[in-house]
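What follows is a single structure, written as structure tokens, with notes after it.
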Amino acid sequence: MPNAWKRDKPTRLLSPKFLFLLFSSTLILIFIFLSSSRPSNPNYFALNNRLCFHAISPFDCFNSPQAHPVIASTVEGVRYPFLFSLSDFGTLPDKPHKNIVRILKGKPFRKPDISVTVQDILEKAKTEGRDGFFVDVGANVGMATFAASAMGFPVLAFEPIFENLQKICEGIFFNRVTNLVTLFEAAASDRLGNVTVHKLVGRLDNSAISATGAKLAFKSNEEVAIQVRTVPLDEVIPESERVLLLKIDVQGWEYHVLKGAIKLLSRKGSQAPYLIYEEDERLLEASNSTSKEIRDFLSSVGYNDCTKHGTDAHCTKKDVR
């Protein structure tokens, strides 16, 4: 049987076909490794690439230094549960923050009133089949932002204090809402530029443009002045996007925020957002403003239906039939 045995042909390890397969496989492995080695940045692909921002870039949570320690928990008694992370721990161990005390007692965080209000308003929009953004100006550590994103609503959040931004970033990861929340390191105002913000050491939830306004609630704290970026809402929010709810809590700077959103507020009828803003006369006067000045401005753009809820004002427009 002369053909029963044949010498095997030598393998051509460097053949063009082999090199092509090796190169392709290597590229695939590198891609898989890079994709799995770091999580996606929540703001690089904000809102499924739905928006394109020109006036200001979103805050980069992934590349921000991680604050520590982290004290976070769920919130009690809200229809759509969420978590947030504390930035103010109180004076330890003498007077710890009330939510730290609650954790030690096995209780969730106390529900913030603004969280309940935001969910109630957005729930009504949801039942009516209306979709759109929630805009959170003066987001602090995200109590309103996460109340909205827990319901599935996209959020644009503005916060100038870096330590608070870190806490919002933690909440974005804790609540798994990287695809819903876009965060901006800025104070909303009526012009692009910079402004001095006064924050109180240990009281990051009480910063203000006015040094007097910052100290109204906590006079004994040390006050620190920092420069932050300002941006008008009209420079960030596209005219094509609907805003269901605009919440503003900026310790007396409300008038300037509203003036920087004149295009948004001038939208007709139900296309204009439901508006919540803090109307504290002491804080407004500290920033050379008044509640009457704000009401007159809102009336000029069609907000004639405003009611007072504690220190907040709620304003809406009626549909033009």
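Within the stretch 88-138, the set of residues being open to solvent by less than 40 Å² (accessible area, probe 1.4 Å), out of contact with any Lys or Arg (no Cβ under 9 Å at 6 or more places or on another chain) and not in a helix (DSSP H, G or I) comprises His97, Pro112. Checking the stretch 178-193 against the condition returns a match, with at least one residue being open to solvent by 10 Å² or more (accessible area, probe 1.4 Å), in contact with a helix residue (DSSP H, G or I) (Cβ under 9 Å, 6 or more places away or on another chain) and basic (Lys, Arg).
Could you give me the residue pairs with C-beta distances under 6 Å whose first residue belongs to the stretch 271-289 and is over 14 Å from Val250 (Cβ atoms), whose second residue is of a type in the set (Val, Ile, Thr) and open to solvent by less than 10 Å² (accessible area, probe 1.4 Å) wherever it lies, and which are 6+ apart or on separate chains? Hits for this filter: Pro273/Val243.
Within the stretch 204-223, if we keep just the residues that are open to solvent by 50 Å² or more (accessible area, probe 1.4 Å) and assigned to a strand (DSSP E or B), the residue that is modelled with the lowest pLDDT turns out to be Asp205. Examine the stretch 186-196 for a residue that is of a type outside the set (Lys, Arg), within 23 Å of Pro65 (Cβ to Cβ), part of a strand (DSSP E or B) and under 15 Å from the mean Cα position of the chain (by Cα), and state whether such a residue exists. Looking through the stretch 186-196, at least one residue is of a type outside the set (Lys, Arg), within 23 Å of Pro65 (Cβ to Cβ), part of a strand (DSSP E or B) and under 15 Å from the mean Cα position of the chain (by Cα). When you scan the stretch 139-161, how many residues do you find that are touching a residue at least 40 places away in the same chain (Cβ under 8 Å) and open to solvent by 20 Å² or more (accessible area, probe 1.4 Å)? Within the stretch 139-161, residues that are touching a residue at least 40 places away in the same chain (Cβ under 8 Å) and open to solvent by 20 Å² or more (accessible area, probe 1.4 Å) number 4. Residues that are of a type in the set (Phe, Trp, Tyr) and under 25 Å from Asp234 (Cα atoms) within the stretch 160-204 comprise Phe162, Phe184, listed in sequence order.
Can you work out which of the residues in the stretch 72-87 that are β-branched (Val, Ile, Thr) and crowded, with 18+ Cβ neighbours inside 10 Å is farthest from Leu200 (Cα to Cα)? This residue is Val78. Among the residues examined, Phe109 does not qualify as aromatic (Phe, Trp, Tyr) and in contact (Cβ under 8 Å) with a residue 40 or more places away in the chain.
Looking at the structure I just gave you, is Ser57 among the hydroxyl-bearing types (Ser, Thr, Tyr) and surrounded by 16 or more Cβ atoms within 10 Å (Cβ to Cβ)? Against the criterion (among the hydroxyl-bearing types (Ser, Thr, Tyr) and surrounded by 16 or more Cβ atoms within 10 Å (Cβ to Cβ)), Ser57 does not qualify. Would you confirm whether any residue within the stretch 299-313 is surrounded by fewer than 16 Cβ atoms within 10 Å (Cβ to Cβ) and on the phi > 0 side of the Ramachandran plot? Yes - at least one qualifying residue is present in the stretch 299-313.
The values are calculated or read from the model by the stated rules, or taken from the named source; none is laboratory data. Predicted, not measured: the structure shown is a model, and the values here were computed from it. Cβ: placed from backbone, ideal geometry, glycine included. Neighbour counts: every protein chain shown. The protein model used for the area step is the full one, side chains on, heavy atoms only, and it has no ligands, DNA or RNA in it. Shrake-Rupley method; radii C 1.70, N 1.55, O 1.52, S 1.80 Å.
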